[in-house]
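Data first, discussion second: the structure below is written as structure tokens.
The values are calculated or read from the model by the stated rules, or taken from the named source; none is laboratory data. From a predicted model like this one, the values you see are computed outputs, not experimental measurements. Virtual Cβ from ideal backbone geometry, glycine too; neighbours counted across all protein chains shown. Just so you know, the surface numbers come from the protein's heavy atoms only, side chains and all, with ligands and any DNA or RNA stripped out. Shrake-Rupley method; radii C 1.70, N 1.55, O 1.52, S 1.80 Å.
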Amino acid sequence: MVLRQGEAISINTSSGGVLLLMPHTPHFQQVFEVYAPTPRAEGNPLSLVEVRWTRQVSRDSGKSLCLVGLKVFMRVNQFGSTTAPAPNGAERR
């Protein structure tokens, strides 16, 4: 297992998932934490996510990036309250 810390670009988000553009390819079903700034005064909420799929994206420079589809297990805000996506995609508390 390789532990990494870095930055990624969020392409799309929903209550149950996130699509990231990352500089490396994580392992399928890898679980990790994602911190994301929000425009509201919630601080930087934490999400616990699992890798569901990956796709390599080539760049002109010859280096590649990776699109990563993530399933959200849990979100925690700065006050410690958590939310988890419900099976149908609606969030529950």
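Inspect the stretch 34-55 for any residue being surrounded by fewer than 11 Cβ atoms within 10 Å (Cβ to Cβ), at pLDDT 90 or above and in a loop (DSSP other than H, G, I, E, B) and give the result as yes or no. No; the residues of the stretch 34-55 include none that is surrounded by fewer than 11 Cβ atoms within 10 Å (Cβ to Cβ), at pLDDT 90 or above and in a loop (DSSP other than H, G, I, E, B).
Within the stretch 1-30, the set of residues being open to solvent by 50 Å² or more (accessible area, probe 1.4 Å) and in a strand (DSSP E or B) comprises 9, 10, 11, 12, 13.
Applying the selection to the stretch 56-73, what residues are farther than 16 Å from residue 8 by Cβ and at pLDDT 80 or above? Full working, then the answer.
Kept after step one, since they are farther than 16 Å from residue 8 by Cβ, are these residues of the stretch 56-73: 58, 60-62, 73.
Once the filter is applied, which keeps residues that are farther than 16 Å from residue 8 by Cβ and at pLDDT 80 or above, the stretch 56-73 yields 58, 73.
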